[in-house]
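Worksheet: the structure to be examined is printed underneath.
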Amino acid sequence: MRALTRLEDYLENAPMKTKIAIAAAGTLMAALVATQTLPSAAHASELHPQRTAPIVQHTGTTAASDLVGRDRNIDPVRMAPIVQHSSTPYKSDEKDRALAIERLRPLPATTVSDIGTVNKLNERTRDMLRDANEIATRFHESKAWTGDMFTPEQKAKNIAQAFMLAQMRADHPEEKKLDGYVLKLREDIPENRVVNNIIADVNFKRETLRNATLELGALVEAMKDNRLEDVEKHRFMMETLLKDASYAMNDSTDWSMKAGRELDR
């Protein structure tokens, strides 16, 4: 008798409502990933120790008064640039140009009034970045995504379900309603340079995740059509994009998480 994989063991013991949700999403998830508008690390060794397990194959408020007393202007030194163009050894086509246009589309903004909410959204975004990194950097390690054990359609489904599971297990599910938004400080909140710098970093992570998710959706479609060069192209682009946010893969290098926690004390 073969041993269950981690994902199979999870599904075997998951609550019934989780099994139903995964089963219902199985046939639709590839299309959902392709149309993701989530907000948008390259090395698995940099991942948080509690989130290093690869996603394996699947065969079937703090008060607003906390934000007081500093300069609202954003420090340009802390403004990580959002990369709009990435070099790649792979040729481009009309689909790539459509992706580039979609990456330029601004995410909708939502206002926040307390650092506690900002911190939760920061942690949630970072969790999803980590799991997107798992898929991009460990892609060739799983027979669920490469090799000849599965059909192209099954591989595409496995990738989509892996990312869906990543979203399900991300921290602070109570803030899921704000996925897909960038943040801005409410206008009537007193000036605060530090908070604005933190929000700028959260927004950079969300833009990066959105862009990587768009590439993941294109990868799923390419996998389904068995366009192997396009599969590798979009995996490469995911990994390239995530390198810009590699600092967010670890508590010791994620400056905005540290600053946010200090303000929330």
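The values are calculated or read from the model by the stated rules, or taken from the named source; none is laboratory data. Keep in mind that this is a model prediction, so the values were computed, not measured. All Cβ positions, even for glycine, are placed from backbone atoms using ideal geometry, and neighbour counts span all protein chains on display.
Condition (residue is over 13 Å from GLU123 (Cα atoms), of a type in the set (A, V, I, L, M, F, W, C), modelled with pLDDT under 95 and in a helix (DSSP H, G or I)) applied to the range 252-263: is it met by at least one residue? Full working, then the answer.
Initial filter on the range 252-263 (over 13 Å from GLU123 (Cα atoms)): 252-253, 262-263.
With of a type in the set (A, V, I, L, M, F, W, C) added as a condition, the list becomes 263.
This time we only want the ones that are modelled with pLDDT under 95, so: 263.
Checking the rest, the ones that are also in a helix (DSSP H, G or I) come to 263.
Checked against the condition, which is being over 13 Å from GLU123 (Cα atoms), of a type in the set (A, V, I, L, M, F, W, C), modelled with pLDDT under 95 and in a helix (DSSP H, G or I), the range 252-263 yields at least one hit.
Return a yes/no flag: does the range 170-181 have any residue that is at pLDDT 90 or above, on the phi < 0 side of the Ramachandran plot and in contact with a His (Cβ under 7 Å, 6 or more places away or on another chain).
Within the range 170-181 (the criterion being at pLDDT 90 or above, on the phi < 0 side of the Ramachandran plot and in contact with a His (Cβ under 7 Å, 6 or more places away or on another chain)), the answer is no, since none of the residues qualifies.
Among the residues of the range 213-226, is any surrounded by fewer than 18 Cβ atoms within 10 Å (Cβ to Cβ) and closer than 27 Å to ALA100 by Cα?
Let us first name the residues in the range 213-226 that are surrounded by fewer than 18 Cβ atoms within 10 Å (Cβ to Cβ), namely 225-226.
This time we only want the ones that are closer than 27 Å to ALA100 by Cα, so: 225-226.
Within the range 213-226, one or more residues are surrounded by fewer than 18 Cβ atoms within 10 Å (Cβ to Cβ) and closer than 27 Å to ALA100 by Cα.
Being outside any helix (DSSP H, G or I) and either of a type outside the set (D, E, K, R) or at pLDDT 95 or above (or both) is the filter here, so list the residues in the range 145-162 that pass it. Walk me through how you get there before you give the answer.
Within the range 145-162, the first condition is being outside any helix (DSSP H, G or I), and the residues that meet it are 145-151.
Of everything in the range 145-162, those that are outside any helix (DSSP H, G or I) and either of a type outside the set (D, E, K, R) or at pLDDT 95 or above (or both) turn out to be TRP145, THR146, GLY147, MET149, PHE150, THR151.
Which of the numbered conditions does SER142 fail, given that it passes all the others? Conditions: (1) at pLDDT 90 or above; (2) more than 25 Å from ARG261 (Cα to Cα); (3) of a type in the set (S, T, N, Q).
(1)
Can you name the residue in the range 108-121 that is buried (at least 17 other Cβ atoms within 10 Å of the Cβ) and outside any strand (DSSP E or B) and, of all such residues, is nearest to the chain's Cα centre (by Cα)?
As a first pass, look at the range 108-121 and keep what is buried (at least 17 other Cβ atoms within 10 Å of the Cβ): 112-115, 117-121.
In the following step, the residues that additionally are outside any strand (DSSP E or B) were identified as 113-115, 117-121.
Details: SER113: 24, ASP114: 23, ILE115: 21, THR117: 18, VAL118: 16, ASN119: 16, LYS120: 15, LEU121: 12 Å.
Within the range 108-121, the match that is nearest to the chain's Cα centre (by Cα) is LEU121.
Take the residues in the range 130-170 that are β-branched (Val, Ile, Thr) and surrounded by 18 or more Cβ atoms within 10 Å (Cβ to Cβ), then tell me which one is farthest from PHE236 (Cα to Cα). Lay out the reasoning, then the answer.
Of all residues in the range 130-170, those β-branched (Val, Ile, Thr) come to 135, 137, 146, 151, 159.
Restricting the remaining residues to those that are surrounded by 18 or more Cβ atoms within 10 Å (Cβ to Cβ) gives 135, 137, 159.
On the way: ILE135: 11, THR137: 9, ILE159: 15 Å.
Going through the qualifying residues, I end up with ILE159.
If you check VAL220, VAL118, VAL202, which single one turns out to be closer than 23 Å to LYS95 by Cα and at pLDDT 90 or above?
Details: VAL118 fails: closer than 23 Å to LYS95 by Cα; VAL202 fails: closer than 23 Å to LYS95 by Cα.
It is VAL220.
Residue-wise test of (1) farther than 25 Å from PHE236 by Cβ; (2) modelled with pLDDT of 90 or more; (3) small (Gly, Ala, Ser).
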| site | (1), (2), (3) |
| --- | --- |
| THR88 | no, no, no |
| LYS91 | no, no, no |
| LYS95 | no, no, no |
| ILE101 | no, no, no |
| LEU104 | no, no, no |
| ASP114 | yes, no, no |
| GLU123 | yes, yes, no |
| MET128 | no, yes, no |
